[in-house]
Amino acid sequence: MRFLLFFCGISIVALGLVGPRVLEENDAMGFLQGALTLGGGIVISGLFSTRWYWHGLLGGGVMALLGFSRGLSNLPSLPGYLKERFADQVAGANPMPLLESSVTLICLLLLVAVVKTLLAERRRKSIEALQALQDGDD
């Protein structure tokens, strides 16, 4: 899981650094700031997970939830971009919806992985408690 935290955080930061090269200046700085904030927060959560595993994991999950929920509002503009870019063959289409959707997808991947890990840990603790009860009955 630590690898996934670092990988997702660095991927979001990398998308943010690509933003100023492909976006207009007004959109580029806002996207860069958001990507550095979100990706940096996830990387910091990964650093926390090296010492305090569950704290870092939960921090990364919260950051992924924030990134995913923010990105959901941008998804309706993606089909318009894809239509404009591929159906009409417009080369100068603004790729902002594509970059935002990529960040949303990365956050969804991380969020699902964190939730699966937390549920697995809960299941493990429940099984451990049941085994302790059974051992006490014998």
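Every read-out reported here was derived from the displayed coordinates using simple, explicitly stated rules and does not represent laboratory data. Please read all numbers here as calculations on a predicted model, not as lab measurements. Backbone-built Cβ (ideal geometry, glycine too); neighbour counts: all protein chains shown.
Only loop residues by DSSP count here, and only those with at most 14 other Cβ atoms within 10 Å; note down the chymotrypsin sites (Phe, Trp or Tyr not before Pro) in the stretch 14-109 that meet that.
Working: sites: 31, 48, 52, 53, 54, 68, 81, 86; in loops: 52.
Of the chymotrypsin sites (Phe, Trp or Tyr not before Pro), the ones in loops of the stretch 14-109 whose Cβ has at most 14 other Cβ atoms within 10 Å are 52.
In nm², what is the average projected area of the convex hull enclosing the Cα atoms of the chain?
Numbers: hull surface 41.1 nm².
The number I arrive at for the chain is 10.3 nm².
Picking from 42, 106, 127, which is most flexible by a Gaussian network model of the chain using Cα springs under 10 Å?
Comparing 42, 106, 127 in the GNM, the peak value goes to 127.
Choose one answer from 37, 117, 104: the residue with the largest mean-square fluctuation in a GNM of the chain with alpha-carbon springs under 10 Å.
Of the options given, 117 has the highest mean-square fluctuation.
I'd like to know which of 63, 49, 77 lies farthest towards the positive end of the charge dipole of the chain, counting +1 on Cβ of Lys and Arg and -1 on Cβ of Asp and Glu.
Toward the positive end, the furthest listed residue is 49.
Rounded to whole Hz and in sequence order, give me ³J(HN,Hα) for the stretch 33-43 from the Karplus expression 6.51 cos²θ - 1.76 cosθ + 1.60, θ = phi - 60°, writing x for Gly and Pro.
Along the stretch 33-43, the couplings run 4, x, 5, 5, 5, 5, x, x, x, 5, 5 Hz.
Using a Gaussian network for the chain with springs between C-alpha atoms less than 10 Å apart, which of these wobbles most: 119, 99, 78?
119
Treat every Asp and Glu Cβ in the chain as -1 and every Lys and Arg Cβ as +1, leave all other atoms uncharged, and give the resulting dipole magnitude about the Cα centre to the nearest 20 debye.
Charge dipole of the chain: 140 debye, to the nearest 20.
Per residue of the stretch 117-129, in order, report the coupling 6.51 cos²θ - 1.76 cosθ + 1.60 (Karplus, θ = phi - 60°) as ³J(HN,Hα) in whole Hz, putting x for Gly and Pro.
For the stretch 117-129, the Karplus-derived couplings read 5, 5, 5, 5, 5, 4, 5, 4, 5, 5, 5, 5, 5 Hz, x marking Gly and Pro.
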